[in-house]
1. Suppose the filter is assigned by TED's automatic domain parsing to the domain that holds ILE169 and under 30 Å from LYS300 (Cα atoms); does VAL127 pass it?
2. When LYS149 is evaluated against the numbered criteria (1) farther than 30 Å from GLN239 by Cα; (2) in contact (Cβ under 8 Å) with a residue 12 or more places away in the chain; (3) not hydroxyl-bearing (Ser, Thr, Tyr), which criterion, by number, is the only one it fails?
3. Considering LEU214, LEU247, LEU224, LEU231, which residue is closer than 28 Å to PHE134 by Cβ and not charged (D, E, K, R)?
4. Could you check, for the range 29-45, whether at least one of its residues is of a type in the set (Val, Ile, Thr), more than 30 Å from LEU290 (Cβ to Cβ) and buried (at least 20 other Cβ atoms within 10 Å of the Cβ)?
5. Pairs under 7 Å by beta carbon, first residue in contact (Cβ under 8 Å) with a residue 12 or more places away in the chain in the range 83-103, partner among the charged types (D, E, K, R), six or more apart or different chains?
6. Checking GLU146 against (1) closer than 26 Å to ILE241 by Cα; (2) among the charged types (D, E, K, R); (3) outside any strand (DSSP E or B), which test does it fail?
7. So which residues in the range 1-28 are under 15 Å from the mean Cα position of the chain (by Cα) and surrounded by fewer than 22 Cβ atoms within 10 Å (Cβ to Cβ)?
Amino acid sequence: GYMLYPYRPSAIKNQQRWNFGAIYPQKFSEAQNGTDTCLMQTQCLVSGDENTTLDVKVRFLQYMKRQVGKLNSDFSDKTDKNSIADSDFQAVQFLEVGDKVFQTWQEAVEREIDLPKLKLNKLIGQVQKQKFTFLVNQEPEFLHDEGNKIAGVIVRKQQTVEGEVETRIEEIKSLNGKQLFKITIRILNQTPFENGDDRDEALMRAFVSTHKILGISDGEFVSLLEPPEELSKIAAECQNIGTFPVLVGEDGTRNRMLSSPIILYDYPEIAPESMGDFFDGTEIDEMLTLRIMTLTDVEKAEMRGADEHTRKMLERTETMPVEQMMKMHGVVRATRPNKENE
């Protein structure tokens, strides 16, 4: 969901993106009557013993505003960029510098929180909490023309975001000499917010594309999609909010899970024919490649100037060999048999 086809900021569906895995400040969520949530919850099952340990990694994107501006006076590279104030430039939507066009828009920064390893048997019935904060930040960048003269500025701004990760461990039952644990992990957005129902301001303080990577040592995760028959009822009772955990890694392994805000199956894979990100999906590369090839020169110029990710996507598509294009067409793969039809 970072950038959707046709990969242009002016496209209607790119005017309101960041809809996947978004966790908003609590006060904004309350103003929306919970329509835009302030939390995400993962529940899953683990079979283990007294030595079983859990590691949790939370990852999300933080929205960053990118403002392009014309400078009101001459600056040199000796100028401290961090001293530039809003009064030093005129905000514009587009700025041409040489043969490049720079646009006011949005970018994102990857954020990651690693929780300490948790020994499940010692934490039964307890709630472990870990707070995190990423502080406000501003990063100016000078734009140089062909003569290396400063011709403009890009100012990237982020707001402070604050949150908390809660982890609860419950022992459900013993199974075949093993303990069965239920793990609950909640992410809460506790960022202060005083702008009522202003969604644009809320996005500046939201966690977006939020997901969790869970790992187990000396134990195994239980698939919630295809649980053992004796655990099917317990698996169905797991409550996942805004996300769903699936097994990842080599087919058959059970030591890692991805809790994702989009629908996946156990052991998801990106097709080996895919040459890179398209952000819309992992199974329609051929269609998106063909669509990009049919963009007009004006549309391609806008896509190229949107940000570094879209520029690389366009260059990769334009230089794709015919042989690589053909590899994406008409691929047939075996699927796992349906157990009900065996």
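1. no
2. (2)
3. Unique residue meeting the criteria: LEU214.
4. yes
5. PHE89/LYS70; GLN90/LYS70; VAL92/LYS70; LEU95/LYS70; VAL97/ASP145; GLY98/ASP145; GLY98/GLU146
6. So GLU146 meets the others, but not (1).
7. The answer is GLY1, TYR2, LEU4, ARG17, TRP18, ASN19, PHE20.
Conditions (1) closer than 30 Å to ASN240 by Cβ; (2) small (Gly, Ala, Ser), marked per residue:
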residue	(1), (2)
LYS78	no, no
SER87	no, yes
TRP105	no, no
PHE132	yes, no
THR160	yes, no
GLN179	yes, no
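The values are calculated or read from the model by the stated rules, or taken from the named source; none is laboratory data. Quick caveat, the model's predicted, so the values are computed rather than measured. Every residue, glycine as well, gets a Cβ built from its backbone with ideal geometry; the counts of neighbours run over all protein chains shown.
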